[in-house]
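Trainee: Here it is: the structure, laid out below.
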Amino acid sequence: MPTHVSDEILDRFRKVTSATAYSAVWRLAPPDGQEWFASANYQLCLMRGIKAFTPGKILVGRAQTLRYVPARPDLLKETRRGGDSAEYRAMAKCGPDDVLVVEAHTFDEYSCTMGNMKTRHLWHNKAQGLITDGAIRDLNMISEEYDLAVFAKNRSPAGNLPFLESFEEGGYINVGGVLVMPGDVIVADDDGVVVVPSDRAEEVIDWIEEQEEAEEFVIGLIDSEQVPPGTYYPISEETKDRFREWKKSQD
């Protein structure tokens, strides 16, 4: 279930890559008491088909969610509420440590979920950026003037209609085949977008920090012994225990 991730833990995530975050999340064991549900593991943590459209920008933050649905004329009477529409309510929740994550889930790869006028709200709130499995437009303004990191399925000059309409904020969504809950930690870079469950975030970052230290230790072994990397990598529990003993000796 969604859990508030502290600023301190979030800052620790800013130092890691999406690759390391992915390695940590898919290894997560089922929660205590749910071992019987092991088949539903955490390997679905890497968004499929979502690309970095602002190369070099790293995006780390808590997810705020927005869901689009197929558009229909009678739906617009319900959704078109000006500044109180779902997309603006979602963006209003985004602050300096937040990422807007948008489910479009559409067969039409050219329908946009966000452009420069809407994302100005994110800029006002100093949000970190946005992720969508729909398309994005006005990218130059969003990335350069607003300095937002953007991850999307495509780039297009089109709007959302006739295919999409924003509908709901603050719910559970499916983006790139990954479940995203409000408050989950997003770790995104040029390699891709990884979702870290908020209730396991501290456990994940603890594993990552030890793993990165262990990797430096293993690099030292490989270089000093002049052996193939496969001798020590992937890192076995035996090698990790050896690293822990070495680290104790350095303290």
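Rule-based calculations on the coordinates, nothing more; no lab input. Here the structure is a predicted model, which means the values were calculated and not measured. Don't worry about glycine lacking a Cβ; one is built from the backbone with ideal geometry, like all the others, and counts go over all protein chains shown.
Trainee: Can you tell me what the convex hull of the Cα atoms of segment 1-119 projects to on average, as an area in nm²?
Mentor: For segment 1-119, the mean projected area of the Cα convex hull comes to 10.4 nm².
Trainee: Please work out the ratio of the alpha-carbon Rg of the chain to 2.2 N^0.38 Å and round it to two decimals.
Mentor: 1.13
Trainee: Using a Cα-Cα cut-off of under 24 Å, which lysines could be cross-linked to residue 57, ignoring same-chain neighbours fewer than 8 residues away?
Mentor: Once the sequence-local lysines are set aside, what remains near residue 57 is 15, 93, 118, 126, 153.
Trainee: Which residue fluctuates most in the GNM of the chain (Cα springs below 10 Å): 117, 91, 47?
Mentor: 117
Trainee: Could you work out how far helix 237-250 tilts from the main Cα principal axis of the chain, as a 0 to 90 degree angle to the nearest 10?
Mentor: Between helix and principal axis, roughly 70 degrees.
Trainee: Which of 156, 180, 60 sits closest to the plus end of the dipole of segment 7-199, meaning its Cα is farthest towards the positive end, when Lys and Arg get +1 and Asp and Glu get -1 on the C-beta?
Mentor: It is 156.
Trainee: Residue by residue through segment 96-108, what is 3J(HN,Hα) from phi via Karplus (6.51 cos²θ - 1.76 cosθ + 1.60, θ = phi - 60°)? Round to whole Hz and write x for glycine and proline.
Mentor: For segment 96-108, the Karplus-derived couplings read x, 10, 10, 10, 7, 10, 10, 8, 9, 6, 10, 6, 8 Hz, x marking Gly and Pro.
Trainee: OK, next. Which one of 42, 130, 75 is farthest out on the positive end of the charge dipole of segment 7-199, using unit charges on Cβ (Lys, Arg +1; Asp, Glu -1) and the Cα centre as origin?
Mentor: Of the listed residues, the answer is 75.
Trainee: Please list the non-local residues whose amide H lies under 5 Å from the amide H of residue 15, H modeled 1.01 Å from N, same-chain partners needing a gap of 5 or more.
Mentor: none
Trainee: Still on this structure: Ranked highest first by average number of other Cβ atoms within 10 Å, how do 229-237, 151-159 line up?
Mentor: Listed from highest to lowest mean packing, they are 151-159, 229-237.
Trainee: A further question on this structure: At 222 nm, what value in deg cm²/dmol follows for the chain if DSSP H runs of at least 4 each add -39500 (n - 2.57) and the sum is divided by all its residues, to the nearest 500?
Mentor: Mean residue ellipticity, 222 nm, calculated: -9500 deg cm²/dmol.
Trainee: What translational diffusion coefficient, to the nearest whole µm²/s, does segment 123-178 have by Stokes-Einstein, given a Kirkwood radius computed over alpha-carbon pairs, a temperature of 20 °C and 1.002 mPa s viscosity?
Mentor: For the chosen part, D equals 168 µm²/s.
Trainee: Compute a Gaussian network model of the chain, connecting alpha carbons closer than 10 Å, and tell me which residue from 179, 122, 161 fluctuates the most.
Mentor: Residue with maximal mean-square fluctuation among 179, 122, 161: 161.
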